[in-house]
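Data first, discussion second: the structure below is written as structure tokens.
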Amino acid sequence: MKNLALKLWLSIAPFLCLPLLNALEDEDYIWPPDSSDKHPPCVDIPEDLRLCFNVGYGRMMLPNLLDHETIAEVKQQAVSWVPLVHKACHKGTQVLLCSLFAPVCLDRPLYPCRWFCEAVRDSCAPIMQAFGFPWPEMLRCDKFPLGEVCISSNATKSNETDLIAGGSSVCPACENEMKTDLILDQMCASEFAIKTKIKEVKIDNLDRKVILQKRRKLVRAGSMKKQDLKKLVLYLKSGAHCPCQQLENLENHYLIMGRSVGKQYVLTGIHKWDNSSKDFKKTIKKLKNHKCPSYDHVFK
């Protein structure tokens, strides 16, 4: 079993602390202490667990390190994090999340390194805040180990900076990739979707206030009620100075996604409504009936 475990770790070596492989030889050096002699059961990572299916290994422990006891529960909770991975806010985001959602099968569980968690948090928390989400309790970094027996990413500080500076200067909600899967994932980080035009955009402190035209059509209602739709005003959080091409062209109809945060509605996605595109039409059809986890669980 130990040899098999070492082979599994070697297959994802680029993502691990190098001292980890040597430390696995030491039976007494593990965090947190394991009070059971039973090995946790292992299952194949299913293809529709999109967050972790391609992470670099094929089997995971169940229950996982977030106390999800079934694959159905893991998939229901993990899908909400796929949009954050797509934001590329840190090179190790997927590795951090999958170390908890789909931990690799070993004799004992291994947790992410505290410094690694902190690096991902510092890069990704501002993106989450732009969508109205705080850094969640389940990823509180101070509960993870300080020692060498833990999972980390091989991202260096310099290439993290390059990653952020190289293509993420656009406001997170304004990324304009028209891929079906990405739009559906974005919908799963939202509460509702509408079709409308934009009347006016104003700067409101560090945010942008997006005032809509009167004609608004619900594409996906969520908990949005018709009376709320009539008075809907959206805020692009921390978006006063980042580029958003869509908000500079007020002639187009847009697919606009959002969710309520406190007393405001936050803009979580905006895409040009393109009736000339067959792919876009298919996306809208799928979006109307796409099954997402409750927005209450997104990023939590």
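The per residue volume of the convex hull around the alpha-carbon atoms of region 209-290 is 113 Å³. Distance between Cα centroids, region 190-207 to region 216-289: provide it in whole Å. Their Cα centres are 7 Å away from one another.
Here the calculated FRET efficiency for D48 and D122, from their Cβ-Cβ distance with R0 = 41 Å, stands at 0.85, rounded to the nearest 0.05.
Coordinate-derived values only; no laboratory data. As the structure is a computational prediction, the values presented were derived from the model and not from experiment. Every residue, glycine as well, gets a Cβ built from its backbone with ideal geometry; the counts of neighbours run over all protein chains shown.
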